[in-house]
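Following: one structure in structure tokens, then a few remarks.
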Amino acid sequence: MKVGVVTFPGTLDDRDAARAATNAGTTSISLWHGDADLKGVDAVILPGGFSYGDYLRCGAISRFAPVMEKIIDAANGGMPVLGICNGFQVLCEAHLLPGALTRNHELHFLCRDQKLEITNNKTSWTTSFSMGQEVVIPLKNGEGSFQCDDATLATLEGEGRVIARYVGENPNGSRNKIAGITNERGNVVGLMPHPEHAIDTLTGPTADGLGFFTSVLKALVK
Amino acid sequence: MAKIVVDVMLKPEILDPQGVAVSAALPRLGFNFAKSVRQGKRFEIEVEGEPTPVQLAEVEKAAETLLANPVIETFTVRVEK
């Protein structure tokens, strides 16, 4: 099973995302933002970083990259897509996920190990977790505050589309402590914290993040 | 040469931490007039000659597509002489 990892100018975490995909048992394939070609991959990861220097709004320019047009079509066709941090911002800008990520409420860039509760284990990227499972993975962003209107929030909560919530103090002012959400179909997931930085205890605080990448393998072989 | 100005603001219901920080800094400098401050973005677009209705419609479309994110922001388009 082939998982594509997209590199935009300014992407930081493509290497770690590729390593996570490989460690989970999939084959990782590099995708370039300027190529309208998905190279036959079965799933796509939009990794973290500062694509296009976060100019205009985070993810606003990346969203129109040639590779994104293909990813939007594939996602609408059911292909699993995971957006991490900047990738989550790109998915919101591309309207594959509702809402938007705005400046952390206390304006600081946060970088810390964050406890999360998994609140939906039915998506393409979360079946390796149990409902209510607590995981610790790094959170590192300046614009991670999830915002949406009341109607969208009610829909997300009503349909169980919040996939992870911050445990303890709300780190960035996200509505309802939302750390990650999914689309209606459950194939597209956006997550602010970085599971690809927590796939083994040699380099990460835990290996809890690996579950996101093993989940997609299960989804693909089904 | 005319200038088309696009002003982008966060919707009122969206938290604006930068505006809050500015509003907290003002009284520290002795400026006590502000009840609240909200921060936005301004785009100045130069065009040759007088902007045509077609150009203005295009700018409107560009603002909606790229310059602003309608999920969290509102925008206005106007011509500045």
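Throughout, read-outs are computed from the coordinates displayed, never taken from laboratory work. Remember, it's a predicted structure, so these values are computed and weren't measured experimentally. Neighbour counts run over all protein chains shown; Cβ positions are idealised from the backbone, glycine included.
Figures for the structure shown
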item: Cα→Cβ-extended label distance, 7 Å offset, between residue A:167 and residue A:1, nm; result: 2.6 nm
item: Tensor-based shape of chain B (alpha-carbon gyration tensor, a/c under 1.5 rounded, otherwise prolate or oblate); result: oblate
item: Restricting chain B to GluC sites (Glu not before Pro) in coil, as DSSP defines it, with at most 15 other Cβ within 10 Å; result: B:13, B:48
item: Pairwise FRET efficiency - residue A:55 versus residue B:52, Cβ, R0 = 30 Å, nearest 0.05; result: 0.60
item: Using a Förster distance of 35 Å, the FRET efficiency for residue B:21-residue A:134 (Cβ separation, nearest 0.05); result: 0.60
item: Tail fraction, Cα-Cα pairs, the protein assembly as shown, threshold 37 Å, whole percent; result: 18 percent
item: Inter-centroid distance (Cα atoms) of region A:59-76 relative to region A:161-216, Å; result: 22 Å
item: Candidate lysines for bridging to residue A:218, where Cα separation is under 17 Å - those fewer than 8 sequence places away on the same chain excluded; result: A:2, A:122
item: Residue A:106/residue A:218 FRET efficiency (R0 41 Å; Cβ-Cβ; nearest 0.05); result: 0.60
item: Top positive-direction residue, dipole computed over region B:2-80 with Cβ charges, set B:37, B:62, B:4; result: B:37
item: Shape category assigned to region A:62-159 from the gyration tensor of Cα positions, a/c cut at 1.5; result: rounded
item: HN-Hα J in Hz across region B:55-70 - Karplus 6.51, -1.76, 1.60, θ = phi - 60°, x for Gly and Pro; result: 4, 5, 5, 5, 4, 4, 5, 5, 5, 6, 7, 10, 5, 10, 9, x
item: Low-density loop cleavage sites - chymotrypsin sites (Phe, Trp or Tyr not before Pro) in chain B, where at most 11 other Cβ are within 10 Å (DSSP); result: B:31, B:33
item: Ranked A:199, B:4, criterion: other C-beta atoms within 10 Å, fewest first; result: B:4, A:199
item: DSSP beta bridges in region A:1-151 [antiparallel fraction, %, rounded to 5]; result: 50 percent
item: Selection of trypsin sites (Lys or Arg not before Pro), region A:86-138, meeting DSSP coil and at most 16 other Cβ within 10 Å; result: A:122
item: Hits among lysines - C-alpha to C-alpha of residue B:41 under 27 Å, sequence gap 8 or more where chains match; result: A:140, B:3, B:11, B:61, B:81
